[in-house]
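Remarks on the structure that follows.
The values are calculated or read from the model by the stated rules, or taken from the named source; none is laboratory data. As the structure is a computational prediction, the values presented were derived from the model and not from experiment. Positions of Cβ are backbone-derived with ideal geometry, glycine not excepted, and every protein chain shown enters the neighbour counts.
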Amino acid sequence: MTRLALVIGILFVLLAGAQWWLARNPELSDVIGASIDARQLYAVSDGRLERAFPKLRFDQPVAMVQAPGDPEHWFLLEQTGRVRRFENRRDAVNAPVLLDLSRRLAGPSVYAELGLLGIAFHPEWKKNRQLFLYYTAGVPVQAPEEGRVLGLSSRLSRFTLAESGETIDPRSEVPLLVLDQPTVYHKGGTLVFGEDGYLYVSLGEGGVPENASDRTTLLGSILRLAVGPGGRYGIPNDNPLVERPGRPEIYAWGLRNPWKISFDTETGRLWAADVGDVRFEEVDIIDKGGDYGWPFLEGPECTKRADPCEPDKFIAPVASYTRSGGCAIIGGYVYRGSRIPEWRGLYVHGDHCSGKVGGVMADPPHGARELFKSNLVLSNFSQDLDGELYLLAHERGEIYRLVADPGWFTYLWKLIAG
């Protein structure tokens, strides 16, 4: 008993001394805490994630892209309204602000789904220095109808990089599309140019399920636009609703909240991850003129709104999972890089709440499976010009690179040695 009391006393003194020492050296406390945190993430993810830019941290990152022909830099969107640029190197320490739209935004401080959400570079970026941004604006106030708001809109605008190359001139904004939003929910927000040169825009149904099946509204659909030099956009002649009932901008419809969409760089297929309601999260391949069923179809099953249930009228998802496995699917990319050979041809996606990362074989679509877990709140994936994938951690403000299976020896060594 005496020896036990002595050991406990010594441990107590050592613990008290360690607490006193860390209190006197808070910078070391932060380093030790970060090291423990990094090891925990490494263990949870089975070594499949590594910090891509360990000296950088952002405020709610939601998108990260490279400009055409510029593999040396990244452009990153913070949901709170800033566009940042930084060098594509592990030891990057600065990420200067190119544009700050925070004063124009209805942002995440109003509601979590609002803010600066999408970015795409003009295919002739090197010549015209034009880029496109999608964000929510206005000051929403309660509408007479329950659950609705007034004064909120989504904007698709073109901006131009200043001649200095150091800023994006906020005065260069040219609004191309302004959409009134009925609620604060489901804004979508991906912008991506296809190989056809047209701009594809993913839009949620704005929190009103019926919008997704109503082709007279743009909400709940994928748009396909021809962007020109002026303040307007054109309609591609082969869009599916040209000279048919409905809005000619629409390329596909019946979507709840597509977050995000991307093209397979080898096949040209357009992939989408559509956030579910109460039952399923789903992965879709977007076909021109396709109806994906919401609000009558969620995942592979009919909803209560479907009377009668006629699933064959709609395009079914290529993969889905129940909401017991997460809360909001985060769309990614078909992996066409070289660092992870076993994932080549796999559509990689994640879940905002569970932190799980999964995949679906793309050629042909089959074999949905979980790839690894993480303890991160995911907001988006990114793909560099070489086809390698990155993951954006929304709350931590950190960027991670997806890496090959390290093997058991490397895994254990990094887990122990850091």
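Annotations for the structure displayed:
- Applying the set (1) closer than 19 Å to GLY231 by Cα; (2) touching a residue at least 12 places away in the same chain (Cβ under 8 Å); (3) among the charged types (D, E, K, R) to ARG103 leaves exactly one unmet item: (1).
- Test: residue in segment 238-248 that is touching a residue at least 60 places away in the same chain (Cβ under 8 Å) and either over 30 Å from LEU176 (Cα atoms) or not β-branched (Val, Ile, Thr) (or both): no
- Selection from segment 300-327 of residues that are within 22 Å of SER379 (Cα to Cα), assigned to a loop (DSSP other than H, G, I, E, B) and at pLDDT below 95: GLY326, CYS327
- The residue list ASP274, ASP264, ASP284 contains one member that is in contact (Cβ under 8 Å) with a residue 24 or more places away in the chain, touching a Leu at 6+ places or on another chain (Cβ under 6 Å) and within 24 Å of GLU370 (Cβ to Cβ), which is ASP274.
- Flag for ALA319 being more than 17 Å from the chain's Cα centre (by Cα) and surrounded by 17 or more Cβ atoms within 10 Å (Cβ to Cβ): yes
- Selected residue (criterion: nearest to LEU56 (Cα to Cα)) from residues of segment 129-152 that are in contact (Cβ under 8 Å) with a residue 24 or more places away in the chain and loosely packed, with under 14 Cβ neighbours inside 10 Å: VAL139
- Any hit, segment 256-271, residues being touching a helix residue (DSSP H, G or I) at 6+ places or on another chain (Cβ under 8 Å) and over 27 Å from LEU378 (Cα atoms): no
- Against the test of being modelled with pLDDT under 95 and among the hydroxyl-bearing types (Ser, Thr, Tyr), the options TYR111, TYR200 yield a single qualifying residue, TYR111.
Conditions tested, residue by residue: (1) closer than 29 Å to ALA112 by Cβ; (2) touching a strand residue (DSSP E or B) at 6+ places or on another chain (Cβ under 7 Å); (3) hydrophobic (A, V, I, L, M, F, W, C).
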position	(1), (2), (3)
GLU210	yes, no, no
LEU219	yes, yes, yes
ALA226	no, yes, yes
PRO248	no, no, no
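- Filter result for VAL192 (closer than 27 Å to THR265 by Cα, surrounded by fewer than 24 Cβ atoms within 10 Å (Cβ to Cβ) and either free of Cβ contacts under 8 Å to residues at least 12 places away in the same chain or of a type in the set (Val, Ile, Thr) (or both)): yes
- Contacts under 7 angstrom Cβ, first residue in segment 353-364 being without any contact (Cβ under 8 Å) to a residue 60 or more places away in the chain and over 17 Å from ARG396 (Cα atoms), partner assigned to a strand (DSSP E or B) and among the β-branched types (Val, Ile, Thr), 6 or more apart: GLY359/VAL348
- Filter result (closer than 22 Å to LEU77 by Cα and either among the charged types (D, E, K, R) or surrounded by fewer than 17 Cβ atoms within 10 Å (Cβ to Cβ) (or both)) within segment 343-374: ASP351, CYS353
- Residue that is in contact (Cβ under 8 Å) with a residue 60 or more places away in the chain and more than 21 Å from the chain's Cα centre (by Cα), where the choices are PRO311, PRO295: PRO295
- The residues on offer are ARG215, ARG158, and the sole one that is modelled with pLDDT of 95 or more, out of contact with any helix residue (DSSP H, G or I) (no Cβ under 6 Å at 6 or more places or on another chain) and part of a strand (DSSP E or B) is ARG158.
- TYR347 being within 16 Å of the chain's Cα centre (by Cα), more than 20 Å from GLY206 (Cβ to Cβ) and among the aromatic types (Phe, Trp, Tyr): yes
- Residue check: VAL283 meets all listed conditions (1) touching a Pro at 6+ places or on another chain (Cβ under 9 Å); (2) outside any strand (DSSP E or B); (3) crowded, with 21+ Cβ neighbours inside 10 Å but one, namely (2).
- For segment 373-385, residues that are assigned to a strand (DSSP E or B), of a type outside the set (S, T, N, Q) and more than 17 Å from GLU398 (Cβ to Cβ) total 0.
- Residue match in segment 406-418 (condition: closer than 15 Å to LEU49 by Cβ, modelled with pLDDT under 95 and in contact with a Pro (Cβ under 9 Å, 6 or more places away or on another chain)): yes
- Among the residues of segment 195-211, those identified as surrounded by fewer than 24 Cβ atoms within 10 Å (Cβ to Cβ) and of a type in the set (Ser, Thr, Tyr) are TYR198, TYR200.
- Index of the failed condition, LEU389 passing every other in (1) of a type in the set (A, V, I, L, M); (2) in contact with a helix residue (DSSP H, G or I) (Cβ under 9 Å, 6 or more places away or on another chain); (3) modelled with pLDDT under 95: (3)
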